[in-house]
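First the structure, in the form of structure tokens, and then the observations on it.
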Amino acid sequence: WNLLSILLAVTVRSSLAFTFSGGYSPILQSIGAHRASLCHGGSAFQLDSALAARRASTHARPLDFGRKQSLRMLMDVPKQVLVTGASGKTGFFTFKKLRELEKEFFTKGLVHSEKGAKKLQSIGASLGDSSAIKQSNKKLRDMGMVAEDEDPDIYIGDIVTKEGLDEAIQGCDALVILTSGVPKLRKREIFKSILAKLIGQQRLPKFYYDQMPEQVDWIGCRNQIDAAKAAGVGHIVLVSSMGVSPQKNTPENILNKLGDGNILVWKAKAEEYLKASGVPYSIVHPGGLLNKPGGERELVFGVDDELLDDYEKRGATRAIPRADVASVVVECLRHPDAVRNKSFDVVSKAPGQGTPTTDMAALFRAIPSAAPH
């Protein structure tokens, strides 16, 4: 058996060197030397280092996404994923779930503030070595000693100004966009609405945004798509919202009225931009988001906002737990071929109604692909 294992290893290496012509054997040698380090939480992501070093060679051909993925699968290397909006409610669920699957995913998170970074640090994510430690490590390396810098898996940046975005997305195979404008309600508005109800009047509370949807859901999303395309990312999962279809996305839609933000208008524009980008995509339109446990409900899928009208006919509600949305995103990354260039809606049945969904891949395949853009 040992002899057979050796022969098999030699055959695989020879085949790889032949298939990926242009001198890829140095990559394989580097991978073999560092195979034990290819895991989540290591001090360096050695496969990408090897690939980057090889691309820098004047004799090496560029390594396209397909070839890079082939190497990753053959060497059983986790897929690198960047989650933006990772400290948000749904973003945090998603980031946490992906980190728990460390054999499948090497997960990085982009947040907007130090407060967001601390939230990710609470589950073991790292900002990497400080500048002082990096300088100290460099001095040790100059002396011939081994001292590797710890790469971060948390990045602080801004999707609107693009600060930190390009750095965070480098080396990633997939991008999960979970950034969104968030309507907020002032306390006095709650009081005014309660008072109006007590005297028999109807009053819609006035909302506001720290950053308007045009900035976050359009410009910020466009910047992320551009950065992903430039970095050679092979799959973008965009978590959007139900209500973006032309028949529902009207000025009268209450979501567009909140804070005069027209949030569905800008989300729809970002979706069209993604579809036209040429990057393989999956667009998820969840219903109303619930802060309830996940994994306890049957999920119901649809397209083109049909569930907003037909949810009762299908025994569903218009809502879905955030944790279940995170699970949908994870399964999109696990089954990219089943959701390639698909846009779909998802809600859930009430707890105890139906059977909790476990096999999403079969449901994904039943969703029709989008028409060519």
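Rundown of residues vs (1) within 18 Å of residue 213 (Cβ to Cβ); (2) of a type in the set (Asp, Glu), yes/no style:
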| residue | (1), (2) |
| --- | --- |
| 272 | yes, yes |
| 279 | no, no |
| 289 | yes, no |
| 294 | no, no |
| 302 | no, no |
| 306 | no, yes |
| 313 | no, no |
| 322 | no, no |
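Whether any residue in the range 204-211 is within 20 Å of residue 336 (Cα to Cα), in contact with a strand residue (DSSP E or B) (Cβ under 8 Å, 6 or more places away or on another chain) and not hydrophobic (A, V, I, L, M, F, W, C) is what I want to check. Write out each step before concluding.
Filtering the range 204-211 for residues within 20 Å of residue 336 (Cα to Cα) gives none.
No, the conditions are met nowhere in the range 204-211.
Are any of the residues in the range 159-182 more than 27 Å from residue 263 (Cα to Cα), modelled with pLDDT of 95 or more, open to solvent by 70 Å² or more (accessible area, probe 1.4 Å) and assigned to a loop (DSSP other than H, G, I, E, B)?
Yes: the range 159-182 contains one or more residues that are more than 27 Å from residue 263 (Cα to Cα), modelled with pLDDT of 95 or more, open to solvent by 70 Å² or more (accessible area, probe 1.4 Å) and assigned to a loop (DSSP other than H, G, I, E, B).
I'm trying to understand the selection: among the residues of the range 94-105, which are in contact (Cβ under 8 Å) with a residue 24 or more places away in the chain and open to solvent by 10 Å² or more (accessible area, probe 1.4 Å)?
Step one: list which residues in the range 94-105 are in contact (Cβ under 8 Å) with a residue 24 or more places away in the chain, which gives 94-99, 101-105.
Scanning the range 94-105 gives 96, 97, 99, 101, 102, 103, 104.
To keep it simple, each residue is scored yes or no on (1) closer than 24 Å to residue 163 by Cβ; (2) open to solvent by less than 80 Å² (accessible area, probe 1.4 Å); (3) in a loop (DSSP other than H, G, I, E, B).
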{"site": "82", "(1), (2), (3)": "yes, yes, no"}
{"site": "87", "(1), (2), (3)": "yes, yes, yes"}
{"site": "92", "(1), (2), (3)": "yes, yes, no"}
{"site": "109", "(1), (2), (3)": "yes, yes, no"}
{"site": "132", "(1), (2), (3)": "yes, yes, no"}
{"site": "141", "(1), (2), (3)": "no, no, no"}
{"site": "146", "(1), (2), (3)": "no, no, yes"}
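Considering the range 328-368 alone, what residues qualify as being surrounded by fewer than 20 Cβ atoms within 10 Å (Cβ to Cβ), among the polar types (S, T, N, Q) and within 14 Å of residue 300 (Cβ to Cβ)?
Residues satisfying the conditions are 353, 355.
Contact list please: Cβ distance under 8 Å, first residue in the range 183-199 and free of Cβ contacts under 8 Å to residues at least 60 places away in the same chain and over 17 Å from residue 210 (Cβ atoms), second residue basic (Lys, Arg) and outside any helix (DSSP H, G or I), pairs at least six apart or on different chains.
These pairs meet every condition: 192/203; 193/203; 196/203; 197/203.
The values are calculated or read from the model by the stated rules, or taken from the named source; none is laboratory data. Keep in mind that this is a model prediction, so the values were computed, not measured. Positions of Cβ are backbone-derived with ideal geometry, glycine not excepted, and every protein chain shown enters the neighbour counts. SASA here: full protein model, heavy atoms, side chains in, ligands and nucleic acids out. Shrake-Rupley method; radii C 1.70, N 1.55, O 1.52, S 1.80 Å.
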